[in-house]
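S.K.: Got a structure for you, questions after.
We did not get these values from a lab; they are worked out from the coordinates using the rules stated. All values reported here derive from a predicted model rather than from experimental measurement. Reconstructed Cβ throughout: ideal geometry from the backbone, glycine too, with neighbour counts over all protein chains shown.
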Amino acid sequence: MKHLLKLEDWSTEEIINTLNLADQLKYEQKHGIEHNHLKGKTLGMIFEKASTRTRVSFEVGMTQLGGYPLFLSSNDLQIGRGEPVEDTARVLSRFIDGIMIRTFEQSEVEALAKYGSIPIINGLTDYCHPCQVLADLMTIREFKGKLEGLKMCFIGDGNNMMNSLIVGALSTGMSISVACPEGYDPPKNIIDFGNKYGIDGKFEICRNPIDAAKNADVVYTDVWASMGQEDEKKIREKAFEGYQVNSELMAVTNKDCMVLHCLPAHRGEEITAEVFEAHANEIFEEAENRLHAQKAVLVECMGE
């Protein structure tokens, strides 16, 4: 049985195989070729955080794979009323074939896998966002033709996106420079993961966004205040002043540098409207690829 709890759990081979499958499924979907790999199977989708892309892409993806997606709001589940996650895992394992969960604590995802007997897929936690990063890698490879040897730059908070991008980029042969204010670094275990590649100069943390962006092939950013951090908005606006993807920053990147954003975007904050619109084709292809990458994850985890 295979889970996707965090990207660190997957080998480079597993990541690349999933990207290859995502490419195949995208081709088949575009050409009207049915791929009912999960016919008759049911995916329970637990949402404790609001969602646009995660819900729609998983729901549509599971349907296109011939299965049935079941939306489970925490407001409607006993887990939202205090039922232990280990009991929820054991009950749902008797009804359905897999669970995708979008929640706050990484420990909740890990507990579902520990106590359940079906595949668990992390749709997002405060710690990581593996499904998004698989879609990001898929998009980079589509536009650049490769991953190995490219440089990614992330501008923003040491949040779930930065954590998973560091792992995903380094695992697939990319280098990555991240720029964040002091006090907003990624957690120690992610820094330790990055430092394993540091001897080759593939990982660095910068305070100056321009330094991080030099010679980048891909620039990535995210909102300054994620879900659950709304009360920190004013503090974060001050802390992240200058940490913006704009024309000045793009001027030091490589020619034909891509810009990616996991969305939703706050134009005028982490990215200017000018840069966003100049790279809208890449950003919305990235959004579409959530569907194809997640279908590949569903097949990898829930297929025969």
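S.K.: Can you give me the angle between helix 106-115 and the longest principal axis of the chain, using Cα atoms only, in degrees from 0 to 90, rounded to the nearest 10?
M.R.: Helix 106-115 sits at roughly 30 degrees to that axis.
S.K.: Based on the mean of other Cβ atoms within 10 Å per residue, sort peptides 22-28, 35-41 so the most packed one is first.
M.R.: So the peptides 22-28, 35-41, ranked by packing, come out 22-28, 35-41.
S.K.: Longer than 20 Å from Cα to Cα, which of K6/K30; K146/K255; K202/K233; K26/K144 are they? Say none if no pair is.
M.R.: On the way: K6/K30 29 Å; K146/K255 16 Å; K202/K233 32 Å; K26/K144 17 Å.
The answer is K6/K30; K202/K233.
S.K.: Determine the relative contact order of the range 133-286: mean sequence separation of Cα pairs under 8 Å and six or more apart, normalised by residue count, in whole percent.
M.R.: Values: 271 pairs, mean separation 37.9, N = 154.
Taking the mean separation of contacting Cα pairs over the length of the range 133-286, I get 25 percent.
S.K.: Going by alpha carbons, how many degrees (0 to 90, nearest 10) lie between the helix axis of 12-30 and the longest principal axis of the chain?
M.R.: 80
S.K.: Next question, about the same structure. May I ask for the net charge around N122, where only other residues with Cβ less than 13 Å from the Cβ of N122 are counted and Lys, Arg are +1 while Asp, Glu are -1?
M.R.: Numbers: positive: K2, K6, K49, R102; negative: E8, D9, E48, E105, E108, E110, D126.
Residues close to N122 contribute a combined charge of -3.
S.K.: Follow-up question, since we're still on this one. Report, in deg cm²/dmol and to the nearest 500, the calculated mean residue ellipticity at 222 nm for the chain, where each DSSP H run with n ≥ 4 adds -39500 (n - 2.57) and the sum is divided by the residue count.
M.R.: -13000 deg cm²/dmol
S.K.: Right, next: What does the highest-first list of 202-213, 282-293, 121-132, 233-244 look like by mean Cβ count within 10 Å?
M.R.: Values: 202-213: 18.2, 282-293: 21.5, 121-132: 26.1, 233-244: 15.2.
The densest-packed peptide leads the list: 121-132, 282-293, 202-213, 233-244.
S.K.: Expressed as a rounded percentage, what relative contact order does the chain have, with Cα pairs under 8 Å and six or more residues apart? Don't skip to the answer; put the middle values down first.
M.R.: Numbers: 574 pairs, mean separation 63.9, N = 304.
Relative contact order comes out at 21 percent.
S.K.: Sticking with this one: State whether the range 151-304 is rounded, prolate or oblate according to the following rule on the C-alpha gyration tensor (a ≥ b ≥ c being the square roots of its eigenvalues): a/c under 1.5 gives rounded; otherwise a/b larger than b/c gives prolate, and the remaining case gives oblate.
M.R.: Values: a/c = 1.29, a/b = 1.17, b/c = 1.10.
It comes out rounded by the Cα gyration axes.
S.K.: Over what distance in Å are the Cα centres of the range 64-111 and the range 177-247 separated?
M.R.: 32
S.K.: Taking the Cα centre as origin and putting +1 on Lys and Arg beta-carbons and -1 on Asp and Glu beta-carbons, what dipole magnitude results for the range 133-286, to the nearest 20 debye? List each step's numbers first, then the result.
M.R.: Working: 15 positive and 26 negative charges, 84 e Å.
The calculation lands at about 400 debye.
S.K.: Enter the angle in degrees (range 0 to 90, nearest 10) between the Cα long axis of helix 160-171 and the first principal axis of the Cα atoms of the chain, meaning the one along which they spread out most.
M.R.: 80
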